[in-house]
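Step one of this worksheet: look at the structure below.
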Amino acid sequence: MNLIKEVKSARIGDHYYEVQHPSGLKILVYPKNDNNSTYAVFGTRYGSVDMAFHLKGEQEVHRVPAGIAHYLEHKLFESEDGDAFARYAKTGAAANAYTSFNNTCYLFSTTDQVYESLEILLDFVQSPFFTEQTVQKEQGIIGQEIRMYDDDPQWRVMFNLLECLYHTHPVKIDIAGTVESIAQITPEYLYLCYNTFYNLHNMVLCIAGNVDVNRVLEVCDRLLKPSKEQTVNRVFDEEPVEIVKPRVEQKLSVASPLFELGFKEKAGNERVSAKELAETEILLEVLASESSPLFRRLLDAGLINEASFGYEYFEGPGYAAVIFSGESKDPDRVAEEIKQEVASLRKNGIDPLAFERARKSLYGHNVAALNSVDNIANSMAALSFANRELFDYLEALAEATAEEVLRRLETQLIAGQSALSVVYPIA
C-alpha cells in the first residue's frame, strides 16, 4: 500500500505529494497542471566519491576503481533488447543522464506520452546488462571523453584547485576517473556497485509538470521491483583540515586567465542542513553578488567581468568549500580583495540593508524557479539526496537572520585554509 503525504507550503501556496512506495522507493510528484511539459528524474545517492563502501553488518570494505559511477551510468542505457534512447524516440521524449560527485540521475522531459516515457525510465534503470564485450567497448569511448577534459581549461582549473584543497578525499579525482582506472573496470565491479547503490531504498523518483499522482503510482506499482532494505556505509580516509598547498597554475589555450579560489572547511559524512545551506547562500550573496560593494570594486578596477564571475557552496559527504571563480587579468589581486572583504565582514558585521536585499533576492529567485518543471524535479532530487526538503529550504531563506548568517563566518571563508588555482594563456 502506498503511503501518500501531501506536503504544503503556506508561505507560497504550493504543494506536492511524497509517497513511500512499498518497493522502498521514495516518490515526489509536484503537479503543475498549467504547464504543457513534464520532467522526471530517477536517481540514486551514488556518485564518483563512493569508491570505498560496505553494507551495514558487513566487515569487508569494497574498494572500486575511480570513475565507476559514471561508467555505470553509460552502460545502463544498453540492454539485450537495444538502446533506451531508441525507445524514447517512439514516445517523443528527450532523455539524458548525469553523474556528479554524489549522485547519478536519469531523466526525461516530454509534452506527450508521459506515462509511456515513465515506463521506459523505470524499466531500463532497473535492468542492468553488462558483459565483458560491452564493458571493453565502453572503455575506449570514455577514455576519449577523459582525454578531452584533460585539455578543457574550465575542468582543469577546478580539479587543480581540488587537488590543492584535498589530501585524501576522492572529490579531487575526475568524475569520469582516469584512463588507467577505467581500464580496471569489469562486469563484476559494475554489478557490485549496481546491486549496492541502485537499491530502491537508496533512490528517489521526482516528477514535476502536467501529471497525475495516481497515474504515476499505477505505473510504479507495475514496474518497480521490491528491494531488500539495506544501509550503505561510505568509507573515506581521514581528511586533514589543512590544505595541501596554497597555489597552483597551469598554461592552456585560453584568451584570458581563469581562476578558482577555494576556502576549505571541516566536513563530516553528514550533509549540512537546509538552514545552514540557506545561511551560507545569503552570506555569499551579501559578500559577492552583483549588488555587493566587492563586486562593484572588482568590476570598476577591470579585475573581473560580469559574464564569468561566480561563487558556490561546494559540499557533499566528507567535503565542503566555498569557491569563487571567473576570468581575471590579475587573479592574485582578486583573491586578496575577496579575503579583505571577508575580514571586513568579520570586523564590522553585515549591513542590515545589504542583508535584507540579499535574503529577499535569493528567496525571490528560488520561488520564481518553481515555474520551471525541470528545476523543480532536479532540486527536489538534489535536496532529497542531502536529506533536505524543498519547502524547508525556502522557509529557511525567508526566516534567516543577519546574526545567524554572520555566525556561519566562524567556520567558513578561513583565509589560512584557502587555495588559488589559475590557468594562464600559453605565451
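The values are calculated or read from the model by the stated rules, or taken from the named source; none is laboratory data. None of the values given here were measured: they were computed from a predicted structure. Positions of Cβ are generated from backbone atoms using ideal geometry, with glycine treated the same way; all protein chains shown enter the neighbour counts. Just so you know, the surface numbers come from the protein's heavy atoms only, side chains and all, with ligands and any DNA or RNA stripped out. Shrake-Rupley method; radii C 1.70, N 1.55, O 1.52, S 1.80 Å.
Helix 114-125 and the longest principal axis of the C-alpha atoms of the chain enclose an angle of approximately 90°.
Basic side chains Lys and Arg get +1 at the Cβ, acidic Asp and Glu get -1 at the Cβ, and with that the dipole of the stretch 334-427 about its Cα centre reaches some 180 debye. The charge dipole of the stretch 178-284, taken about the Cα centre with unit charges on the Cβ atoms of Lys, Arg (+1) and Asp, Glu (-1), comes to about 200 debye, rounded to the nearest 20.
Just to confirm, what accessible area per residue do you get for the chain at 1.4 Å probe, in whole Å²?
On a per-residue basis, the chain sits at 45 Å².
Once each part is reduced to its C-alpha centroid, what is the distance from the stretch 321-386 to the stretch 207-223 in angstrom? So the separation of the two Cα centres works out to 35 Å.
When each of the peptides 287-295, 303-311, 245-253 is scored by how many other beta carbons lie within 10 Å of its residues on average, the order from highest to lowest is 287-295, 303-311, 245-253.
By accessible area, using a 1.4 Å probe on protein heavy atoms only, the stretch 267-376 has 47% of its surface on carbon and sulfur. About the centre of its Cα atoms, the stretch 249-389 shows a dipole size close to 240 debye [charges on the beta carbon of Lys, Arg (+1) and Asp, Glu (-1) only; nearest 20 debye]. Principal-axis analysis of the Cα atoms of the chain puts helix 187-197 at an angle of about 80° to the longest axis.
A Förster radius of 35 Å, combined with the Cβ-Cβ distance separating Asp112 from Val7, puts the computed FRET efficiency at roughly 0.80.
For the stretch 1-154, carbon and sulfur atoms together expose 46% of the accessible surface, with a 1.4 angstrom probe and every protein chain in place.
Counting only alpha carbon atoms, the long axis of helix 352-368 and the longest principal axis of the chain meet at about 20°.
Exceedance of the 31 Å cut-off in Cα-Cα distance is limited, within the set Lys172/Lys275; Lys56/Lys275; Lys5/Lys56; Lys228/Lys266; Lys172/Lys228, to Lys228/Lys266; Lys172/Lys228.
Of the peptides 196-204, 359-367, the order by per-residue mean of other Cβ atoms within 10 Å, starting with the highest, comes out as 196-204, 359-367. Helices in the chain, meaning DSSP H runs of at least 4 residues, each add -39500 (n - 2.57). Divided by all residues, the mean residue ellipticity at 222 nm is -12500 deg cm²/dmol.
Have a look at Ser48, Ala95, Leu76 and report the one farthest towards the positive end of the charge dipole of the stretch 38-147, computed about the Cα centre with Cβ charges (Lys/Arg +1, Asp/Glu -1). So the residue we want is Ser48.
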